[in-house]
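The values are calculated or read from the model by the stated rules, or taken from the named source; none is laboratory data. If you're wondering where the values come from, they're calculated on a predicted model, not measured in any experiment. Cβ sites come from the backbone with ideal geometry, for glycine too, and all protein chains shown count toward neighbours. Heads up: the accessible areas ignore ligands, DNA and RNA and are worked out on the full protein's heavy atoms, side chains in. Shrake-Rupley method; radii C 1.70, N 1.55, O 1.52, S 1.80 Å.
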Amino acid sequence: FEKYIMLNYLRKKYFNRMFLHQCLFEINHNIFLKKNIKDIFKNGYSIFDEKFPFENLNLEKYLDYSDYNFVASHKKIEIKDLKKIYAILQKNGVISLIKNYLGNKIYSYDNTIMTLGNKICKDGSMQPHHDSKFRRIKIYIWMNDKDLETHPLYYLKKTHKEIRNWKNYDETRFPNIDPKKFDAIYGERGSIIIFDTHGIHSHFKTTNVPRS
């Protein structure tokens, strides 16, 4: 009986307060925040309103391949180009958006240009998974024209809100989820796609049409 009273006391004191805070949190997002940050909070990803301008950047050198006989290739971006990219993302509000989501103290790593080749793949990162990094954002800048024959970014929206525990790599992979449950996101050249990597994303690569 005493245990029940204590649990009931804790429920009234803390759970109701947490519920109230959550309600106020959601109301604030729905009323005051801009669309892009609302989309991330609600669904786990957002396609930024503005396109990325490539005019003053020479990024074609990262797309120079003699053949595409691979699943995915990553080329590290040179510092001089990275500084220009960051300056653009700062100016157009992407960095501010991410700070609103993660907090002001952020850092960036894995600054690469990824190209998907012509190999089919159903393992590794080419299957539904979360990145097992807790709160983290990825920024994808689409470098090709929209092509529905290429491999999209798959995202299972709202799964970024779920609490997960995992003991090993296999518990972060979900190969049996039907791809029809995912949003298939095909960017256009310059599209900026921002997503929470704690949400379940990606799916089997079944196309052999390259893209970056």
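Summary of values
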| quantity | calculated |
| --- | --- |
| Conditions (1) at pLDDT below 95; (2) closer than 19 Å to ILE47 by Cβ; number of the one not met by ALA184 | (1) |
| Pick from the range 178-208, criterion within 30 Å of LEU57 (Cα to Cα) and β-branched (Val, Ile, Thr), ranking: farthest from the chain's Cα centre (by Cα) | THR207 |
| Residue count for the range 82-138, restricted to those that are over 22 Å from ASP178 (Cα atoms), open to solvent by 60 Å² or more (accessible area, probe 1.4 Å), among the hydrophobic types (A, V, I, L, M, F, W, C) and in contact (Cβ under 8 Å) with a residue 60 or more places away in the chain | 1 |
| Hits in the range 37-47 - residues which are assigned to a helix (DSSP H, G or I) and either open to solvent by 20 Å² or more (accessible area, probe 1.4 Å) or modelled with pLDDT of 80 or more (or both) | LYS38, ASP39, ILE40, PHE41, LYS42, ASN43 |
| Any strands (runs of 3 or more DSSP E) falling wholly within the range 110-174 and containing at least 3 residues that are within 21 Å of ASP67 (Cα to Cα) | 112-116 |
| Output for the range 91-106, where each listed residue is out of contact with any helix residue (DSSP H, G or I) (no Cβ under 7 Å at 6 or more places or on another chain) and either among the aromatic types (Phe, Trp, Tyr) or part of a loop (DSSP other than H, G, I, E, B) (or both) | ASN92, GLY93, GLY103, ASN104, LYS105 |
| Qualifying residues in the range 175-212 (those that are part of a loop (DSSP other than H, G, I, E, B) and of a type in the set (Val, Ile, Thr)) - the one most open to solvent (accessible area, probe 1.4 Å) | THR206 |
| Restricting the range 48-77 to residues that are open to solvent by 80 Å² or more (accessible area, probe 1.4 Å) and under 23 Å from the mean Cα position of the chain (by Cα), the residue that is modelled with the lowest pLDDT | ASP49 |
| Residues (closer than 24 Å to CYS121 by Cβ and open to solvent by 50 Å² or more (accessible area, probe 1.4 Å)) located in the range 163-173 | TRP166, ASN168, TYR169, ASP170, GLU171 |
| Residue within the range 140-162 that is over 19 Å from SER202 (Cα atoms), crowded, with 16+ Cβ neighbours inside 10 Å and within 19 Å of the chain's Cα centre (by Cα) present | no |
